[in-house]
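K.L.:
Dumping the structure here so I can ask a few things about it.
The values are calculated or read from the model by the stated rules, or taken from the named source; none is laboratory data. Note that the structure is a prediction, hence the values are computed from the model and not measured. All Cβ positions, glycine included, derive from the backbone under ideal geometry; neighbour counts span all protein chains shown.
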Amino acid sequence: MLQHQILFACILHILNGYPNACPNNAYAHEVANAIDFYSNLESVHHDIVVSTAYDESRFKKNAVSNRGAIGILQIKRNGSIQGEDLKLSDRKLMEIDTNVRIGVHYLAQFAHKCNIASEYLTNYNQGPDKHICRSSAYGRHIVKDLNLGRKWEKQLFPPMVYAGEFIIESKARKGTMIQSVDP
């Protein structure tokens, strides 16, 4: 298993009922704690945030795209970064807590409008001018990555200690809906 796959599995496991998982990986705990706090605050499912961070940056906090997106959730100025946060330095925007706070708040704006993960993830990816609830390959890819993360979590941790939920896709309103089912 590659390092970023292990990190993905650890973060999922921490967030899904095993706070003592991966005790030697302080970075996984820092990311998981920030995602847990802000996803609860904004009422966005933490697994979607984890999968988005995996897809956007492979959890690299210093990641910068060729279009200027910054940090693990690849936030952009005048996109997800608005108001007082525009004054923050790139270094501050790369900090896990700041990046997750801004990214989850931005994602929540779409999640509360669209309700279907592949639709609101499409809006997250396309920017503030594209407020439509329509599924795209990007949104479906994030959901697919989440299912991969679940697979890696099960490989890394024995099934008897696996407490997460399987994430299934069902076609609804022309998009992918996230639905929890018991394993």
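K.L.:
Could you please tell me which pairs satisfy a Cβ distance under 8 Å, a separation of 6+ or placement on different chains, a first residue in segment 12-30 that is more than 20 Å from ASN147 (Cβ to Cβ), and a second residue that is at pLDDT below 95 and not in a helix (DSSP H, G or I)?
P.N.:
From segment 12-30, the pairs are HIS29/CYS22.
K.L.:
Restricting attention to segment 64-93, report how many residues are surrounded by 18 or more Cβ atoms within 10 Å (Cβ to Cβ) and either in contact with a Leu (Cβ under 9 Å, 6 or more places away or on another chain) or among the hydrophobic types (A, V, I, L, M, F, W, C) (or both).
P.N.:
9
K.L.:
Hey, can you tell me all the residues within segment 22-51 that are outside any helix (DSSP H, G or I) and either modelled with pLDDT of 95 or more or in contact with a strand residue (DSSP E or B) (Cβ under 9 Å, 6 or more places away or on another chain) (or both)?
P.N.:
Within segment 22-51, HIS45 is the sole residue that qualifies.
K.L.:
Going by the conditions given, is TYR54 closer than 20 Å to PHE110 by Cβ and either under 17 Å from the mean Cα position of the chain (by Cα) or assigned to a helix (DSSP H, G or I) (or both)?
P.N.:
yes
K.L.:
Among the candidates ALA108, ALA117, single out the residue that is at pLDDT below 85, under 23 Å from ILE11 (Cα atoms) and not basic (Lys, Arg).
P.N.:
Answer to the check: ALA117.
K.L.:
From ALA21, ALA26, grab the single residue that is in contact with a His (Cβ under 6 Å, 6 or more places away or on another chain) and either over 21 Å from LEU121 (Cα atoms) or polar (S, T, N, Q) (or both).
P.N.:
Answer to the check: ALA21.
K.L.:
Hey, can you tell me all the residues within segment 89-139 that are assigned to a loop (DSSP other than H, G, I, E, B) and in contact with an Asp or Glu (Cβ under 9 Å, 6 or more places away or on another chain)?
P.N.:
Passing the criteria: ILE132, CYS133, ARG134, SER135, SER136.
K.L.:
Just name the residue that is surrounded by the most Cβ atoms within 10 Å (Cβ to Cβ) out of those in segment 41-63 that are of a type in the set (S, T, N, Q) and over 17 Å from TYR120 (Cα atoms).
P.N.:
For segment 41-63, the residue satisfying everything is SER57.
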